Amino acid sequence: MASHLFCGRVNLNILREAARKDLREFLDKCSGSKAIVWDEYLTGPFGLIAQYSLLKEHEVEKMFTLKAGRIPSAAVKNIVFFVRPRLELMDIIAENVASEDKLQPRDVHILFVPRRSLLCEQRLKEKGVLNSFTNIDEYILDLIPYDGDLLSMESESSFRECYLENDQTSLYHAAKGLMNLQALYGTIPQIFGKGECARHVANMMLRMKREFAGSQTQILPVFDTLLLLDRNVDLLTPLATQLTYEGLIDEIFGITNGYVKLPPEKFAQKKQGEGGKELPTEPKKLQLNSAEELYAEIRDKNFNAVGAALSKKAKIISAAFEERHNAKTVGEIKQFVSQLPHMQAARSSLANHTSIAELIKDITTDSWLYFILCNMVRNAHLNMPDVFSQTALLSCVSASEDFFDSLTVEQEFMTGVDTDKVSTYIEDCIAQKDPLIKILRLVCMQSVCNNGLKQKVLDYYKKEILQTYGYKHILTLKNLEKVGLLKPQSTMRNNYPTIRKTLKLWMEDANEQNPNDISYVYSGYAPLSVRLTQVLARPGWRSIEEVLKMLPGPHFEERQQVPTGLHKKRQPGENRTTLVFFLGGVTYAEIAALRFLSNMEDSGTEYIIAATKLINGTSWIKSLMDSPEENLP
């Protein structure tokens, strides 16, 4: 079930198995049949650790979502609440527990994820239900393995907490998660960091290491270096539209806990004689990770290179199926039959990703070229959905024009064009009442690229946004100012052009088909965060001291003492392994750029990526809004 966690440089399945072991131990404390009441947000992360089959083995018979009122009836001995330490959830739990049938009492347990909370326990006490719990425990789910090179804490509001609310709880969880990681994979000898939050996490780690001195696990270090990066060191990258295949899936449809939900009509398989059959109405849910061979191959490509890759795959699969005509002997037929399940899975995978690519094309570009690709795929007899029509082709043009207009403005801002005056494109978008998130992303990007906006320009944007979308968003604008995304220009000079030039953040000749630089992930823009990572590996941060001083927060280096006899002896030609931890979130385009660096022949370093959250510009801005559920037209 977790084969994709074995495939990377570091076996992240060890981390998953440790989490599963802890879960089994807790469930076994609650002897007898069980019903789990889930905090809905936790179901996705837990799904990456344990499937229902594991829960069933430990006598879990029913599962419910945490809701106000009574728990649905279930003939079980134990009710177990799996919840985040949130006061508002304690009120619901208290209501659930108070409404339990006193004539048929059941043992009630609560498991806080990732930490117990005295405040939450106090709230339960105030509600008069604290003594009703047989077990109150915590389940330390800090770093969740998403893929063979990717870990996430899925802390949904870590950036907001750190930079808006001055709450460092998520930083403590990050430090604890890194200590747990070192218990499984050995001490990380070198720690580098950039930013205030990075400094806090490193300090907490070093303090925890001193407190537990002498009780360290004797394990040969797997990681050579830990790099801690604050999200506010690079505010620009998440605001830009990601242009990798995986990045665009996330931008347009949203990837949640490794799954995406897609419009169902593109996946309808029409068979002969079923022309009038109704199209499905339920969204198509697909899991996305490197266990799927084709997805692992195309996920990090610039979207402009995906069509050719799908076309090539279609020809390979078609040729493989044609081989059946050449199978003459019993042995040859047997060999073909043994390969059939893999071939059918590859064909299904190709069909899915061709449909996804078509959905993206409808939004990002004119579909005429893509029509040719789909014809090629259909000619390979792969039963592709017949979804093209003249109407569909024409309807995508306006959407694609809007996408490219927005992208053009983004790239102008990133190259320093017209960042100091009101953008006519943003004005037009506001006049047309385009989605507020889109407006905020563009205005914030202009502000970041210009080291703030002239007061007159900033006031104009604020006035237009509030008059068009409502004065309820005044708090959101204040939030964006507070975290540094939207701010008035100070007397300080704009350092962005210097940073852009020194770190080569804009590459005019970015090769999207056969990339030779990380800038391909944004078709010209090299993510600042990843460029810093690249320079750290070679030639080192000393070469960019002046640029580092221009970026927010301190930069630092720490060394951790590795137990005697456990120093890593590197073989000739062996790559170093660096764990890059993004505090405040990471985008799929940044992940793709780091994978590109790992795969470079002369890189010398392989990267494992960790983050407090997997984000895109929309989810990031939403997390800073005070009523995100009410706003977006």
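Output yes when any residue across segment 24-37 is touching a strand residue (DSSP E or B) at 6+ places or on another chain (Cβ under 8 Å), assigned to a strand (DSSP E or B), within 23 Å of TYR259 (Cα to Cα) and modelled with pLDDT of 90 or more, and no when none is.
Scanning segment 24-37, I find at least one residue that is touching a strand residue (DSSP E or B) at 6+ places or on another chain (Cβ under 8 Å), assigned to a strand (DSSP E or B), within 23 Å of TYR259 (Cα to Cα) and modelled with pLDDT of 90 or more, so the answer is yes.
Within 23 Å of GLU25 (Cβ to Cβ) and surrounded by fewer than 19 Cβ atoms within 10 Å (Cβ to Cβ): is that true of GLU59 in this structure?
Values: within 23 Å of GLU25 (Cβ to Cβ): yes; surrounded by fewer than 19 Cβ atoms within 10 Å (Cβ to Cβ): yes.
Spelling it out, GLU59 is indeed within 23 Å of GLU25 (Cβ to Cβ) and surrounded by fewer than 19 Cβ atoms within 10 Å (Cβ to Cβ).
For the structure I just gave you, tell me whether GLU211 is surrounded by fewer than 22 Cβ atoms within 10 Å (Cβ to Cβ), more than 26 Å from ARG16 (Cβ to Cβ) and within 24 Å of the chain's Cα centre (by Cα).
Working: surrounded by fewer than 22 Cβ atoms within 10 Å (Cβ to Cβ): yes; more than 26 Å from ARG16 (Cβ to Cβ): yes; within 24 Å of the chain's Cα centre (by Cα): no.
It is false that GLU211 is surrounded by fewer than 22 Cβ atoms within 10 Å (Cβ to Cβ), more than 26 Å from ARG16 (Cβ to Cβ) and within 24 Å of the chain's Cα centre (by Cα).
Just for segment 164-222: of the residues that are of a type in the set (Phe, Trp, Tyr) and under 27 Å from LEU528 (Cα atoms), which one is modelled with the highest pLDDT?
Here the residue is PHE192.
From the list LEU239, LEU164, LEU228, pick out the single residue that is over 29 Å from ASN575 (Cβ atoms), surrounded by 23 or more Cβ atoms within 10 Å (Cβ to Cβ), in contact (Cβ under 8 Å) with a residue 24 or more places away in the chain and of a type in the set (A, V, I, L, M).
LEU239
Within segment 503-526, track down each residue that is surrounded by fewer than 23 Cβ atoms within 10 Å (Cβ to Cβ) and of a type in the set (S, T, N, Q).
ASN511, GLN513, ASN514, ASN516, SER523
Which of the residues spanning segment 527-557 are without any contact (Cβ under 8 Å) to a residue 40 or more places away in the chain, under 19 Å from ASP517 (Cα atoms) and either open to solvent by less than 60 Å² (accessible area, probe 1.4 Å) or assigned to a helix (DSSP H, G or I) (or both)?
Across segment 527-557, the qualifying residues are ARG531, VAL535, GLY540.
Please find, among ILE219, ILE249, the residue that is open to solvent by 30 Å² or more (accessible area, probe 1.4 Å) and out of contact with any Asp or Glu (no Cβ under 9 Å at 6 or more places or on another chain).
ILE219
For segment 450-502, how many residues meet the condition of being open to solvent by 30 Å² or more (accessible area, probe 1.4 Å), among the polar types (S, T, N, Q) and over 23 Å from ILE544 (Cα atoms)?
Within segment 450-502, residues that are open to solvent by 30 Å² or more (accessible area, probe 1.4 Å), among the polar types (S, T, N, Q) and over 23 Å from ILE544 (Cα atoms) number 6.
Sort out which residues of segment 464-509 are of a type in the set (Ser, Thr, Tyr) and out of contact with any Cys (no Cβ under 9 Å at 6 or more places or on another chain), and write them in order of number.
THR468, TYR469, TYR471, THR476, SER490, THR491, THR498, THR502
Return the total of residues in segment 168-198 being open to solvent by 40 Å² or more (accessible area, probe 1.4 Å) and in contact with a Gly (Cβ under 6 Å, 6 or more places away or on another chain).
1
Exactly one condition in (1) over 28 Å from ASN13 (Cβ atoms); (2) β-branched (Val, Ile, Thr); (3) at pLDDT below 95 is false for VAL113; which is it?
Unmet for VAL113, out of (1) over 28 Å from ASN13 (Cβ atoms); (2) β-branched (Val, Ile, Thr); (3) at pLDDT below 95: (1).
If LYS568 meets every condition in (1) more than 16 Å from ILE608 (Cα to Cα); (2) in contact (Cβ under 8 Å) with a residue 60 or more places away in the chain; (3) assigned by the TED database to the domain that holds MET208; (4) surrounded by 15 or more Cβ atoms within 10 Å (Cβ to Cβ) apart from one, which number is that one?
(3)
Give the residues of segment 85-111 that are crowded, with 18+ Cβ neighbours inside 10 Å and either in contact with a Phe, Trp or Tyr (Cβ under 7 Å, 6 or more places away or on another chain) or of a type in the set (D, E, K, R) (or both), sorted by residue number.
Within segment 85-111, PRO85, ILE93, ARG106, VAL108, HIS109, ILE110, LEU111 meet the criteria.
Taking ASN135, is it in contact (Cβ under 8 Å) with a residue 60 or more places away in the chain and not assigned by the TED database to the domain that holds THR587?
yes
Give just the number: which of (1) closer than 30 Å to LEU442 by Cα; (2) open to solvent by 30 Å² or more (accessible area, probe 1.4 Å) does ARG576 not satisfy?
(1)
The values are calculated or read from the model by the stated rules, or taken from the named source; none is laboratory data. Treat the numbers as computed from the prediction; the structure is a model and nothing was measured. Ideal geometry is used to build each Cβ from the backbone, glycine not excepted, and the neighbour counts take in all protein chains shown. These area figures cover heavy atoms from the full protein model, side chains too; ligands, DNA and RNA do not enter into them. Shrake-Rupley method; radii C 1.70, N 1.55, O 1.52, S 1.80 Å.
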